[in-house]
Amino acid sequence: MSDAADYVQGERLSDDDIARALRDGVLLGQECADCGHGTGTAAAACSHCGSRDTTAVVLPEDGEIYTETRINVPPPAFEGPYTVAIVELSDGTRLTAHIESDVSVGDAVSFQGTIAEDIRPAPVFG
Ligand SMILES: [Zn+2]
């Protein structure tokens, strides 16, 4: 398993760090040192308690569909229609992902890889 610190180039986790890890097939997020709340995005402070004491972590690759929506008119960089979901990972962290299969809320999914577009890479679950 990769070490999250391998990808963090600045003082704290950034969107670029997450993108670099995703291109290597690694899901990166951050965890609050004070309350343990996890997030799949780079945030300046914990969205749960406001603490700025967060640490980059490698996220688990299994989870379930928390909510999903079908995008029928995609932005220019994407082919559509496609499904986007919030996946709740096994440690409770939620992140936004592209979904490759037909899913419903509560379905088990796992990290399948990355969509590499000109814009930021996005995780794919299915
Ligand atoms: Zn917190």
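The values are calculated or read from the model by the stated rules, or taken from the named source; none is laboratory data. Quick caveat: nothing in here was measured; it's all calculated off a predicted structure. Because the Cβ atoms are built from the backbone with ideal geometry, glycine has one as well, and the counts that use them run over all protein chains shown. With ligands, DNA and RNA removed, areas are computed over all heavy atoms of the protein, side chains included. Shrake-Rupley method; radii C 1.70, N 1.55, O 1.52, S 1.80 Å.
A few comments on the model shown:
- Of residues in the range 70-91 being touching a strand residue (DSSP E or B) at 6+ places or on another chain (Cβ under 8 Å) and open to solvent by 70 Å² or more (accessible area, probe 1.4 Å), the one modelled with the highest pLDDT: 90
Residue-by-condition table, conditions (1) in a loop (DSSP other than H, G, I, E, B); (2) within 16 Å of the ligand (Cβ to nearest atom):
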residue: 17; (1), (2): no, no
residue: 21; (1), (2): no, no
residue: 34; (1), (2): yes, yes
residue: 48; (1), (2): yes, yes
residue: 51; (1), (2): yes, yes
residue: 74; (1), (2): yes, no
residue: 84; (1), (2): no, no
residue: 87; (1), (2): no, no
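- Matching residues in the range 36-46 - criterion: being in a strand (DSSP E or B) and open to solvent by less than 20 Å² (accessible area, probe 1.4 Å): 38
- Any hit, the range 92-103, residues being of a type in the set (Lys, Arg), over 17 Å from residue 4 (Cβ atoms), touching a residue at least 40 places away in the same chain (Cβ under 8 Å) and open to solvent by 60 Å² or more (accessible area, probe 1.4 Å): yes
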